[in-house]
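Please read the structure below before turning to the comments.
The values are calculated or read from the model by the stated rules, or taken from the named source; none is laboratory data. None of the values given here were measured: they were computed from a predicted structure. Glycine also receives a Cβ, built like all others from the backbone with ideal geometry; neighbour counts cover every protein chain displayed.
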Amino acid sequence: MRQYSESELRQSLSDIATPQILVVGDLMLDRYSWGMVQRISPEAPIPVLQVARDDQRLGGAGNVMMNLSVMGAEVLACGVTGKDEAGEIILGLLQEQGIDTSGVEQQEQYTTVLKHRMIAGHTHLLRMDLDPPSGSVVRQEGLIDFLKKTIPRVDAVLISDYGKGLLGNSMLRTIAALCKTHHIPSLCDPRRNIDFEIYQDFTLIKPNRAETEAAVGFPLIDQDSILRAAHKLKYEADLEYVVISLDQDGMLLFRQANDYQFLKAETQEVFDVVGAGDMVISVLAYLLAGGASIEQAGFWAQLAAGMAIQHVGVVSFTRSDLLHRFEYGETSGKIMTLEQLSRYLPHQELPLIFTNGYFDDISAAHLKFLHQLNTLNGFNVVAINSDRSISQEKG
């Protein structure tokens, strides 16, 4: 695979305008109840969570849509919710983000997927899942009509398949055929424990290590076994590319047996891997929709994944965030711009504790103060004054 210079890599991202990307997938609502446990229930030996705050976010394909929108894409959503409270909330969250929901149907017989997490401090106590009943059928006629009208005019199509009943063989075949006819990149984040041949004729699939092992039937223990798995997936499903996420081992971009590239993961502290897979497929779609090569798309996807795991919880990045990381290299996930912090704070369960200062000539008193601050049970933000404000105040 081709190697690109730093200037070519930078340009491949900075030159992207506003690509139109259609995301087809299983929409979910992630609900969080934050609180504290101070006693055990008298009814059973279980903790009682005193809820202080509830939070609701887009999950499943909705998280991918959010990622793409924050990066600067024009996102069109295609999926289904039930005619219920969770479905209404999902539609509202999508529309708040400026995502086109004309391809989202609310169907009477469908139950919106809801995942409700109950959290005390940093401890997850319980997750309750509400899924469509077994055997639920999604009516696809209207959705397929929408796809036929929409796919010819977008720059890329991304499939986010969580196996909740939306993406059957008929819909997948329709999407693949339309994308192939109109020469539009089609990317898929597949579900686990299925035959990947159902994704035949897609441009690219991006399974992780576990999903790949389940599909090919053997473990990925070294580069030879990883390449053998990628070769098997590509030719059995007639794909253009296979991208395998390999957690701490990075990522494989595979075009054919003599044309592949292993991208190494950055050496860094891992805070949270939740959302890293969604980030990878989102960045791949954004770059390919913008006209970048698979090598350029893979570079930025791997960089974004490295950023994602340095943050606690699911977080989205702007194009400026990615370019900043590229220019200035790895920094701790605790170092953020004001823009990043404004997106990150709403997802924190602890009270905000804020201080600021010059810290240009740090002293023992500074260190003692910061150490005491760290003993408080809160989300601590230490703001550093800019050089300009320091010079204005201190001369």
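Within region 239-251, is there a residue that is among the charged types (D, E, K, R) and closer than 20 Å to Ala276 by Cβ? Checked against the condition, which is being among the charged types (D, E, K, R) and closer than 20 Å to Ala276 by Cβ, region 239-251 yields at least one hit.
Please determine whether any residue of region 227-244 is in the same structural domain as Val75 (by TED's automatic domain parsing), without any contact (Cβ under 8 Å) to a residue 60 or more places away in the chain, of a type in the set (Lys, Arg) and buried (at least 18 other Cβ atoms within 10 Å of the Cβ).
Within region 227-244, one or more residues are in the same structural domain as Val75 (by TED's automatic domain parsing), without any contact (Cβ under 8 Å) to a residue 60 or more places away in the chain, of a type in the set (Lys, Arg) and buried (at least 18 other Cβ atoms within 10 Å of the Cβ).
Against the condition at pLDDT 95 or above, surrounded by 19 or more Cβ atoms within 10 Å (Cβ to Cβ) and closer than 30 Å to Asp238 by Cα, how does Leu143 come out, does it pass? For Leu143, the condition - at pLDDT 95 or above, surrounded by 19 or more Cβ atoms within 10 Å (Cβ to Cβ) and closer than 30 Å to Asp238 by Cα - is met. On the stretch given as region 23-48, residues that are of a type outside the set (Asp, Glu) and touching a helix residue (DSSP H, G or I) at 6+ places or on another chain (Cβ under 6 Å) total 4. Screening Leu58 on (1) in contact with a Leu (Cβ under 8 Å, 6 or more places away or on another chain); (2) assigned by TED's automatic domain parsing to the domain that holds Gln106; (3) in contact (Cβ under 8 Å) with a residue 40 or more places away in the chain shows it passes everything except condition (3).
Out of all the residues in region 191-206, is one or more within 19 Å of the chain's Cα centre (by Cα), crowded, with 16+ Cβ neighbours inside 10 Å, assigned by TED's automatic domain parsing to the domain that holds Arg153 and at pLDDT below 90? Reasoning before the result, please.
Of all residues in region 191-206, those within 19 Å of the chain's Cα centre (by Cα) come to 191-192, 204-206.
Checking the rest, the ones that are also crowded, with 16+ Cβ neighbours inside 10 Å come to 191, 204-206.
If we keep only those that are assigned by TED's automatic domain parsing to the domain that holds Arg153 as well, we get 191, 204-206.
Narrowing further to those that are at pLDDT below 90: 191.
The answer is yes, given that some residue of region 191-206 is within 19 Å of the chain's Cα centre (by Cα), crowded, with 16+ Cβ neighbours inside 10 Å, assigned by TED's automatic domain parsing to the domain that holds Arg153 and at pLDDT below 90.
Looking across region 370-380, the residues that are in contact (Cβ under 8 Å) with a residue 24 or more places away in the chain and surrounded by 11 or more Cβ atoms within 10 Å (Cβ to Cβ) come down to Gly378, Phe379, Asn380. Looking across region 346-369, the residues that are surrounded by 12 or more Cβ atoms within 10 Å (Cβ to Cβ), modelled with pLDDT under 80 and over 20 Å from Asp55 (Cβ atoms) come down to Gly357, Tyr358, Phe359, His366.
Can you go through Ser41, Ser7, Ser14 and tell me which one is touching a Lys or Arg at 6+ places or on another chain (Cβ under 9 Å) and either touching a residue at least 24 places away in the same chain (Cβ under 8 Å) or more than 25 Å from Ala176 (Cα to Cα) (or both)?
On the way: Ser41 fails: touching a Lys or Arg at 6+ places or on another chain (Cβ under 9 Å); Ser7 fails: touching a Lys or Arg at 6+ places or on another chain (Cβ under 9 Å).
None of the other options fit; the residue is Ser14.
Could we say that Ile89 is crowded, with 16+ Cβ neighbours inside 10 Å and either out of contact with any strand residue (DSSP E or B) (no Cβ under 7 Å at 6 or more places or on another chain) or closer than 30 Å to Pro351 by Cα (or both) here? Considered against the rule, which asks whether it is crowded, with 16+ Cβ neighbours inside 10 Å and either out of contact with any strand residue (DSSP E or B) (no Cβ under 7 Å at 6 or more places or on another chain) or closer than 30 Å to Pro351 by Cα (or both), Ile89 comes out as yes.
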